[in-house]
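Note sheet for the following structure.
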Amino acid sequence: MRALVKMDRGEPKGERDSSGKYYLLRDEENPRFGIYDKPLPCFGCGVGWFSFLVGFLCPLTWYYATFLYFGNYYRRDPRERGGLAASAIAALVCTVAAFITGLAVFL
C-alpha cells in the first residue's frame, strides 16, 4: 500500500502536482531513509551544538566549529548550521573577552 498526502485546510501548499492530483511521499514496500532522516553525529545533536556545549569546558572546540562554519560544512546537512553559528558567536565572544582581559592585565 502506498502512503499519499492528504490535503486539508491549513495544510502547506505544494503537496499536489500541477494536475491537482496527490503525489507519492513514500513507498511502504521500499522504505528508504531521506537525507534528513538520518540521526546527526555526536550523540544526535550535531557537530555544532556538541562543540558549543563542550566549548564551555574547552573553548578550542568553538574555534574548530567556527572553522567548520566558515568552511561551509553545513552544506552537507543544513541542520548543522544553527549549532555551528552558535559556536562561531561563542568563539567571537571568547576572543573579545580574552582581548579585554589581556588589555586590563598588561596595561
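Where a number appears in this text, it was derived from the coordinates with a stated rule and is not lab data. Small disclaimer: the values here were computed from a predicted structure and weren't measured. Cβ: placed from backbone, ideal geometry, glycine included. Neighbour counts: every protein chain shown.
How big is the Kirkwood radius of the range 46-106, worked out from every pair of different alpha carbons and given in Å to one decimal?
11.6
Please state the relative contact order of the range 46-106 as a whole percent: Cα pairs under 8 Å, 6+ residues apart?
41
Counting Lys and Arg as +1 and Asp and Glu as -1, what is the net charge of the other residues whose Cβ lies under 10 Å from the Cβ of Y74?
+2
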